[in-house]
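Derivation of every value follows stated rules applied to the coordinates shown; laboratory data play no part. Being a predicted model, the structure only gives us computed values, none of them experimental. Glycine also receives a Cβ, built like all others from the backbone with ideal geometry; neighbour counts cover every protein chain displayed.
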């Protein structure tokens with residue numbers, strides 16, 4: 001006999017499948033007790049069916065714009081009950097800013113929950129609904145409570161009103177809090193403060209059972225650690241308590257070039273070893289780098305912060321890049337307040353004199369703290385104006401152990417990539433001890449490991465080496481090279497299609513990962529777009545009463 005809850009799930013599915021284009025299943029919302037908006041609007045469906053990668057398309061049955069964590073919980077609870085009683089059901093996927101690249105936030109057999117913006121950016125149904133809660137800043141506790149769908153750029157703006165800011169960032173701020181915490185959240189500050197998942201006090205999570213659970217290191221710790229870096233497998237983050245620190249006012253931003261990879265990595269590793277110094281003046285606050293394999297990039301590698309006061313010409317160090325060679329750019333910053341600017345030059349000079357870069361390659365500028373953190377968005381606007389943003393992005397992000405980074409350089413940067421690229425290639429080291437081993441995130445065994453991020457764009461411009469097919473094949477070659485040469489890399493933002501590949505990725509953490517899935521999402525409702533666990537058989541829509 002079919003229960004009322006199951007009939008309700010069936011009615012929602014049938015309504016979603018049969019409703020006209022100008023209607024949404026709003027009439028069912030009071031029965032679920034949902035205040036937000038559940039819709040089959042074609043624009044919502046289309047938006048939720050694609051992501052930043054533009055390599056997959058999977059339209060959901062419907063889209064939910066929640067007004068609260070209760071909305072998320074009630075939807076999942078209904079789905080979980082249906083799955084429990086019929087050993088199947090539809091699935092639920094949380095979507096932040098849609099910056100996934102391989103369909104990780106998609107689901108073709110269920111509902112996508114649009115977390116970013118929540119009720120603040122969407123129409124109400126019959127006047128129903130309230131916005132998700134606004135951030136709450138604690139100056140005394142130096143933390144902020146934020147909705148899981150908030151974008152980091154908005155978190156920054158709110159906290160700066162109190163002279164505070166999160167201490168760990170991603171390079172791109174138009175990402176959701178829940179999205180980055182489900183992966184790791186890294187940037188040039190991670191060597192010092194660790195990833196964003198190491199800078200969270202507390203979470204509210206809606207599990208795959210439809211329960212809202214508050215968790216932290218002290219309370220429901222298994223769920224807390226599982227969700228952080230857990231790729232959305234155990235729950236949807238609806239609130240996060242983020243660690244804050246006093247915000248600097250300005251940033252000294254410096255780039256220098258290297259032609260010798262050993263010198264480049266030696267300097268990067270020395271810089272991140274300074275994190276333990278008690279005197280903050282004796283270290284940089286941000287350490288990144290990128291690789292220049294394309295001749296054409298020599299003339300624009302500094303274009304994002306051209307300094308008229310520093311008119312060094314490229315030709316003065318172009319001799320360092322012979323045909324087919326590779327250049328490496330070290331990117332570093334030092335934060336400061338205007339009140340201490342009188343000592344800045346001396347502090348920077350003391351650090352720079354220890355580095356072995358090409359002397360004539362120094363480019364520097366000073367800018368506001370927000371301007372630095374939001375630098376990628378400015379580049380985004382330029383690319384959008386040229387039609388170069390909404391293109392396929394076959395990105396490949398790898399954690400490479402320090403002990404094998406020189407082999408990776410020889411085989412990939414100086415080998416597989418040749419002399420062409422179509423996007424930035426980041427490379428910078430991090431300290432393993434800054435990553436909490438209890439979280440779901442996995443890193444190489446070395447005490448220091450490198451992020452290598454090939455953030456390339458596939459362009460339909462007739463150039464074979466910039467096509468999606470070519471770049472995807474090149475990514476496969478890179479992974480094959482690592483496998484054949486015993487370089488035990490870990491994918492960041494991982495993408496696999498087979499369970500044995502996921503088991504290899506998680507290594508010793510795989511049994512615990514499986515156990516957490518069974519405990520917190522036993523019906524495999526959540527984040528099926530990650531393709532980690534097989535989805536259960538869908539409910540038979542033809543069941544009769």
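Ranked by the mean number of other Cβ atoms within 10 Å of their residues, highest first, the peptides 498-507, 197-206, 152-161 fall in the order 197-206, 152-161, 498-507. Using the Cβ-Cβ distance between residue 508 and residue 84 with R0 set to 22 Å, the FRET efficiency from 1/(1 + (r/R0)^6) comes to roughly 0.10.
For the pair residue 56 and residue 403, label points projected 7 Å from Cα toward Cβ lie 3.4 nm apart. Taken along the Cα-to-beta-carbon direction at a fixed 7 Å, the label points for residue 377 and residue 275 span 2.6 nm. The overall shape of the stretch 45-89, judged from the alpha-carbon gyration tensor, is oblate: a/c is not under 1.5, and a/b is no greater than b/c.
Length gained on full extension, residue 388 to residue 70: 110.6 nm, using 0.36 nm per residue less the C-alpha separation.
The modelled label-to-label distance between residue 497 and residue 341, using points 7 Å beyond Cα along the C-beta direction, is 5.5 nm. Using the Cβ-Cβ distance between residue 217 and residue 519 with R0 = 22 Å, the FRET efficiency computed as 1/(1 + (r/R0)^6) comes to roughly 0.75.
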